[in-house]
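What follows is calculated from the coordinates using simple rules that are stated; it is not laboratory data. The structure presented is a predicted model; accordingly, all values stated were derived computationally and were not measured. FYI the Cβ positions are ideal-geometry reconstructions off the backbone, even for glycines, and counts take in every protein chain you see.
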Amino acid sequence: MSTGRGRSLASLLVAIVAAMPWVGKSAYDRGGNGIPAFANIAHRGASGCAPEATRPAFEQAVAAGADYLEMDIQMSRDGHLVAIHDTELDRTTDGSGRVGEHTLAELKALDAGSWFNRAHPGQADPAYAGVRLLTLDEILEAFGPERRYYIETKSPELYPGVERKLIEVLQAHGLIERGSVVLQSFSADSLKELRALNADVPLIQLLWYGRSADGEWVEASGNTPPLSSSGVADLRAIAHYAAGIGPNVEDGEQRVVDAAFVRRAHRAGLLVHVYTVDDTATMNELIDAGVDGIFTNFPARLDRVLDRRAD
């Protein structure tokens, strides 16, 4: 081989590696600034113990040692970002109709806690009755920039401009430069808009795999091909705009995520943060499979699992 040809091949290899940022990266490096090597993600706060996405749920998540306070963000009719999962108010408040049809004042007047006492009598607390929905600003002011936040743009197609508003709020609180926030969505378009607004915030592409009529695992939003034909190259397409993926662990008690799935994602340079896991046996199985984080309604339970594994 001639020296010139050798230099050309070496340059080509350097260019290929430069274009593949996942090569040689640890889970921490892949995640970007501030993401721990393993993340205990409190799903809507400690929502197995308190009304989801309310102050008691977030306070209990902090006390449980969660790495992230996770929440879904929607927009009121008058443009305020509010933490609530459902696009409809009926399940978790005493209101009705779509979130976006109400002003912030109307949303703040709702009882967002009494439903939990009825639905979960074993976890009921009289103090939960009458708790209020929170704006994103209120959450960030209450828990501070030292806390980590994991925020989803929920149904962003219903809220034009929600991405810009979200980035503005996060920048105002100094969270992006501190590496204290991860943003997630099922909408690839929403994530790409967030990236265009600020390329420094780590993004997670949420995925939902369900069984089709012919028994194939199909991703509901079309973000990946069916699981049987989805390879590293398909996941690398996600890695062009996201730091990781957030797949469902199972559907209908049939497991989606296994060690092979995680290895494929890691080869593509993606973190794997799975949802939503509440039993300790499955937590241990997924940690053994190599996942980088777990969404859970019981962050104290996951914290105990991690402590036992560290001993």
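Given H placed on each backbone N at 1.01 Å, which residues far from Tyr150 in sequence or on other chains put an amide H within less than 5 Å of it?
Leu69, Glu70, Met71, Val182
Straight-line reach from Lys192: which aspartates and glutamates fall under 13 Å, measuring Cα to Cα and dropping same-chain residues less than 8 apart?
Once the sequence-local aspartates and glutamates are set aside, what remains near Lys192 is Glu163, Asp200.
So how strong a dipole does the chain carry about its Cα centre when Lys and Arg Cβ are +1 and Asp and Glu Cβ are -1, to the nearest 20 debye?
Roughly 1180 debye for the chain.
Going by average Cβ neighbours within 10 Å, how do the peptides 230-236, 151-157 rank, with the highest at the top? Don't jump to the answer; show the numbers that get you there.
On the way: 230-236: 15.7, 151-157: 21.9.
Highest-to-lowest ranking by the protection proxy: 151-157, 230-236.
Would you mind calculating the relative contact order of the stretch 141-277 from Cα pairs under 8 angstrom and at least 6 residues apart, reporting the percent as a whole number?
On the way: 213 pairs, mean separation 24.5, N = 137.
For the stretch 141-277, the relative contact order is 18 percent.
Per the Kirkwood definition applied to all pairs of different Cα atoms, how many angstroms is the hydrodynamic radius of the stretch 191-279? Please list the in-between numbers first.
Numbers: mean 1/r = 0.0740 Å⁻¹.
Taking every pair of different Cα atoms in the stretch 191-279, averaging 1/r and inverting gives 13.5 Å.
May I have the extent of the alpha carbons of the chain along their three principal axes, as whole Å values ordered from largest to smallest?
79, 45, 41
Glu177 to Leu227: extension gain in nm, 0.36 nm per residue of separation minus the Cα-Cα distance? Show your work: numbers first, answer last.
On the way: separation 50, 0.36 × 50 = 18.00 nm, distance 3.57 nm.
Extra length available between Glu177 and Leu227 comes to 14.4 nm.
What do you get for the angle between helix 162-172 and the principal long axis of the chain? Use alpha-carbon atoms, 0 to 90 degrees, nearest ten.
90
Return a whole-number percent for the relative contact order of the chain, with Cα pairs under 8 Å and 6 or more residues apart as the contact set. Mind dumping the intermediate values first?
On the way: 600 pairs, mean separation 57.2, N = 311.
Once normalised by length, the contact order is 18 percent.
Find how much the distance from Glu157 to His120 grows on full extension, using 0.36 nm per residue of separation minus their present alpha carbon separation; answer in nm with one decimal. Before the final figure, lay out the partial values.
On the way: separation 37, 0.36 × 37 = 13.32 nm, distance 3.23 nm.
Length gained between Glu157 and His120: 10.1 nm.
Specify the angular offset, from 0 to 90 degrees and rounded to the nearest 10, of the alpha carbon long axis of helix 188-197 from the longest principal axis of the alpha carbons in the chain.
80
Rank-order 194-200, 40-46 by packing density, defined as the average count of other C-beta atoms within 10 Å over each peptide's residues, highest first. Before the final figure, lay out each step's value.
On the way: 194-200: 15.6, 40-46: 27.3.
Per-residue Cβ counts within 10 Å, averaged per peptide and sorted highest first, yield 40-46, 194-200.
Along the stretch 66-81, what does the Karplus equation 6.51 cos²θ - 1.76 cosθ + 1.60 (θ = phi - 60°) give for ³J(HN,Hα), rounded to whole Hz, x for Gly and Pro?
Per-residue couplings from phi come out as 4, 6, 9, 8, 9, 7, 9, 10, 10, 10, 6, 4, 9, x, 9, 7 Hz.
If we sort 89-98, 241-250 on the protection proxy, mean other Cβ atoms within 10 Å, highest first, what's the order? It would help to have the intermediate numbers written out before the result.
On the way: 89-98: 16.1, 241-250: 22.2.
So the order, starting with the most tightly packed, is 241-250, 89-98.
What angle do you read, to the nearest 10 degrees and between 0 and 90, between the alpha-carbon axis of helix 299-310 and the longest principal axis of the chain?
Once rounded, the angle reads 40 degrees.
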